[in-house]
Amino acid sequence: MSFEQRKARALELLSRTGMARSHYAPPLVRLLWKAGVQVPPPHFQSFLRTTLGAGLWFGTCWALFMWVFFGLRADAATPLSPFAALVGACVAGGLFGIAMASFYARERRKHQLPAWTALDEQKASPA
């Protein structure tokens, strides 16, 4: 089964759960799909992959936010050092990544979703 067929099957299963589309196909994932990146929906990714993906994205945004609003202040008594910004971004990204991975893992169990690789077998079996 091709990635697109598997993705369509996964999105069909997720839509039947009653979740909002923005929940099971977030804008960042849809943007990756439009760019040609073959990434499964978040509910079908591993805990580690979700942690790293969400953590890197959030950590990068958090680092940029801290640098723009705190690192560039010339009037600050103690300006934010690049090391402090990096540590803050890593901690924020790590915590956010773990929280999102936990959320998606809980939702996966709650809705009894199959593994990404098991979508091939489900399609072939009679319903």
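The values are calculated or read from the model by the stated rules, or taken from the named source; none is laboratory data. Computed from a predicted model, the values in this text were never measured in an experiment. Cβ sites come from the backbone with ideal geometry, for glycine too, and all protein chains shown count toward neighbours. Surface accessibility is based on the protein's heavy atoms, side chains included, excluding ligands, DNA and RNA. Shrake-Rupley method; radii C 1.70, N 1.55, O 1.52, S 1.80 Å.
One table, with the values for the structure above:
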read-out	value
Karplus-derived 3J(HN,Hα), 6.51/-1.76/1.60, for each residue of the stretch 8-21, Hz, glycine and proline x	4, 5, 5, 5, 5, 4, 5, 5, 6, 6, x, 6, 6, 4
Size of charge dipole - the chain - debye, nearest 20, with Cβ of Lys, Arg +1 and Asp, Glu -1, no other charges	360 debye
Linear extension gain, Ala84 paired with Ile98, 0.36 nm per residue minus alpha-carbon span	2.9 nm
Per residue solvent-accessible surface (Å²) - the stretch 1-48, probe of 1.4 Å	57 Å²
The chain - percent of accessible surface contributed by carbon and sulfur, probe 1.4 Å	66 percent
Label corresponding to Rg and Dmax of the Cα atoms in Å when calculated from the structure given, among [x] 14.2, 41; [y] 20.9, 78; [z] 18.6, 69	[z]
Dipole axis of the chain (+1 Lys, Arg; -1 Asp, Glu on Cβ), positive-most option in Ala99, Gln45, Ser2	Ser2
More than 17 Å apart - percent of Cα-Cα pairs taken over the stretch 1-46	25 percent
